[in-house]
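Input: a single structure, listed below in structure tokens.
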Amino acid sequence: MAPPDAFLAAASAVAASPEIGHEAAAFKNAMRHLAGAVSVITTGQGSDRTGFTATSVSSLSMDPPSMIVCLNRASSSWGVVREHRGFCINVLAHDQLHIADRFAGRGGATGAARYEGASWQQLETGALALANALTVIDCELEEAIERHSHAILIGHVRAVRTREQAEPLLYWHGAYRHISNVDRVLTSA
Ligand SMILES: Cc1cc2nc3c(=O)[nH]c(=O)nc-3n(C[C@H](O)[C@H](O)[C@H](O)COP(=O)(O)O)c2cc1C
């Protein structure tokens, strides 16, 4: 079956753009199209604890259960993750936008002050897990691969807690979103 004209036009536009993948603005714009779940990554203990908001969270393998998070090495969390050797991925529910803002550094809170105004509990690694997060995945740091400006954190999963019946907080095109029609399933995978 021949592809529709619109598809061919889009494909030739991509082929005609030699800078694609190299030019910073084009790359940045392409990344705006990646819809992502919003998580807060917590690390450290006591007065040394800190954390950051992240969309670069992915599962790595089932056996052993492991996760990947990409962390900017200019962030205050980088030294703490290496020292603490663990982190907790808190996948946010749609009503936890204010927590995403705090851990992104908006409003100026740093370190332990980012945890104020929410309830936390300790699971296995000592990093704090957010009560009422959509799901929390507590990880021991298996390896940190330093690449370009970031470090790829590989975490061995030590504990998981999930809150059922809650909707995710998403980030897309530079704004927080929630699923507008959560019951509309296109197809089950
Ligand atoms: C929606 C969103 C997603 C983000 N994703 C990441 C990420 O995946 N990795 C990362 O290193 N920083 C990410 N950031 C930026 C960090 O949250 C922010 O730079 C960090 O919390 C502030 O660093 P600081 O601890 O040095 O103040 C994201 C920010 C926002 C608002």
Cα-based shape type of the chain, given that a ≥ b ≥ c are square roots of the gyration tensor eigenvalues and the cut on a/c is 1.5: prolate
Nearest 20 debye, what's the magnitude of the dipole of segment 43-146 about its Cα centre given +1 on Lys and Arg Cβ and -1 on Asp and Glu Cβ? 380
For segment 130-189, run through the GluC sites (Glu not before Pro) and keep only the ones in DSSP coil with at most 15 other Cβ atoms within 10 Å of their Cβ. 164
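Where a number appears in this text, it was derived from the coordinates with a stated rule and is not lab data. Note that the coordinates shown come from a computational prediction; the quantities given were computed from them, not determined experimentally. We place every Cβ from the backbone using ideal geometry, glycine too, and count neighbours over all the protein chains shown.
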